[in-house]
Amino acid sequence: MKKKARILLLDILTAISLVCTKKSIKRAFVLFMEMTAGITLVCAGAAMGIIAALGQTTSTGTSYAIALALNIKVGNGLMILYGFFMLLQVAMLKKKFKPLFMIQIIPVVLHGWILNFFKYDFPPFLALSPNTYFERFFIYAIGVVLISIGFCCTKASGFANYPPDTFCALLARRRNMKFGTAKLIVDFCYVGATFLLCLLFRLDFGIVREGTVIFAVANGVLINLFLPHIEKLFAATENICGVNRSFV
């Protein structure tokens, strides 16, 4: 076990060194901050979705079901879920899976930590207590928009994508479809997986409600809408910071 951990750490350090060598320390830092801003928005939106209690957003719903089944925090459940997508990439790419791809672990760990913070320790969110359906839907809608914008930020940053997003990119490339379309397919798979976990572990099926379906449909549409604008914004930001723009 310790040997495997050392190998994993070596792979991560190798990936980071490759990124920094290729893009320069300054550029890597700018892209990292863009990615972190996106992760923060995603986590804030996901936490708002949990508070709204109209059904979790797709990946959060599956992560939440895993967390309830294993009696762990939702952020830790997300790390397990996204680790599964890393394994799918290994299965798809086989020998083409490079150490550089291990850098995807960075947004996964950050996401888990930040999501746990917003869900369990962030005072403004802990104080939220929506009573009416309108209040809950309003919070949910804001959360959906934040998640979509945050996701676009992480993708546009080019520092490192989430494992599910890299999987969607591979799927889109192999099946000759738009990225948003591949994301939509994965979102519906999340819904199915959440239902299955609720059935197997006798969890509350309220995890999947109208909000889950709305998000599954709206997320891909919002990504296709926001992504070009965020790419332009980040390109302008990086130009001001004096770094070259190049999407990964």
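At 0.36 nm per residue, minus the direct Cα-Cα distance, what do residue 131 and residue 177 gain on full extension? Give it in nm, one decimal, please.
12.4 nm
GNM, the chain, Cα, under 10 Å: largest mean-square fluctuation among 93, 184, 68?
93
Pop the C-beta distance of residue 239 and residue 170 into the FRET formula with R0 = 25 Å and round what comes out to the nearest 0.05.
For residue 239 and residue 170, the calculated efficiency is 0.25.
Largest first, what is the accessible-area ranking of 209, 174, 136, 27 with a 1.4 Å probe?
174, 209, 136, 27
Assuming a viscosity of 0.890 mPa s and a temperature of 25 °C, what translational diffusion coefficient in µm² per second does Stokes-Einstein assign to the chain, Rh being the Kirkwood radius over Cα pairs?
132 µm²/s
Among 55, 192, 150, which one shows the biggest mean-square fluctuation in a GNM of the chain, springs joining Cα atoms closer than 10 Å?
192
Given contacts defined as C-alpha pairs under 8 Å and at least six residues apart, what's the relative contact order of the chain, whole-number percent?
Relative contact order comes out at 32 percent.
Is the stretch 20-119 rounded, prolate or oblate when judged by the Cα gyration tensor, a ≥ b ≥ c being the square roots of its eigenvalues, rounded requiring a/c under 1.5 and prolate requiring a/b larger than b/c?
It is oblate, given that a/c is not under 1.5 and a/b is not larger than b/c.
Name all residues of the stretch 166-187 having a backbone nitrogen under 20 Å from the label point set 7 Å from the Cα of residue 225 along its Cα→Cβ direction, giving them as ranges.
178-187
May I ask you to order 82-88, 107-113 by the average number of other C-beta atoms within 10 Å around their residues, highest value first?
So the order, starting with the most tightly packed, is 107-113, 82-88.
Starting from the alpha-carbon convex hull of the stretch 178-248, give the projected area averaged over all orientations, in nm².
Result: a mean projected hull area of 6.5 nm².
Using only Cα atoms, locate the centre of the stretch 33-95 and the centre of the stretch 151-182, then give the distance between them in Å, rounded to an integer.
Spelled out, the Cα-based centre of one part sits 16 Å from the other.
If you bin the C-alpha pair distances of the stretch 58-110 every 10 Å from 0, what whole percents do you get?
Per 10 Å bin, starting at zero, the Cα-Cα P(r) for the stretch 58-110 comes out as 25, 44, 26, 5 percent.
Can you give me the angle between helix 74-93 and the longest principal axis of the chain, using Cα atoms only, in degrees from 0 to 90, rounded to the nearest 10?
That helix lies at roughly 50 degrees to the long axis.
How much accessible area does residue 50 have with a 1.4 Å probe, in Å² rounded to the nearest 10?
Looks like 20 Å² after rounding.
Placing unit charges on C-beta atoms (Lys and Arg positive, Asp and Glu negative, everything else neutral), compute the dipole magnitude of the stretch 172-218 about its Cα centre in debye, rounded to 20.
Around 380 debye, computed over the stretch 172-218.
Tilt of helix 58-70 relative to the longest C-alpha principal axis of the chain, in degrees (0 to 90, nearest 10)?
With both axes taken from Cα atoms, the answer is about 70 degrees.
Express the accessible area of the chain per residue in Å², computed with a 1.4 Å probe while the remaining protein chains stay in the model.
52 Å²
Please list 35, 92 from largest to smallest accessible area, probe radius 1.4 Å, with all protein chains kept in place.
I get 92, 35, largest accessible area first.
Fully extended, how many nm does the chain gain between residue 209 and residue 185 (0.36 nm per residue separation, minus their Cα-Cα distance)?
Between residue 209 and residue 185, full extension yields an extra 6.8 nm.
Quick check: convex hull of the Cα atoms in the stretch 107-248, volume per residue, rounded to a whole Å³?
It comes to 149 Å³ per residue, whole-number rounded.
Mind checking which of 26, 73, 183 has the largest fluctuation in a GNM of the chain, springs on alpha carbons under 10 Å?
Greatest mean-square fluctuation among the candidates belongs to 26.
The values are calculated or read from the model by the stated rules, or taken from the named source; none is laboratory data. Because the structure is a prediction, the values reported are computed rather than measured. As a convention, Cβ positions derive from the backbone with ideal geometry for all residues, glycine included, and neighbour counts pool all protein chains shown. Surface areas here come from the heavy atoms of the whole protein model, side chains and all, with no ligands, DNA or RNA. Shrake-Rupley method; radii C 1.70, N 1.55, O 1.52, S 1.80 Å.
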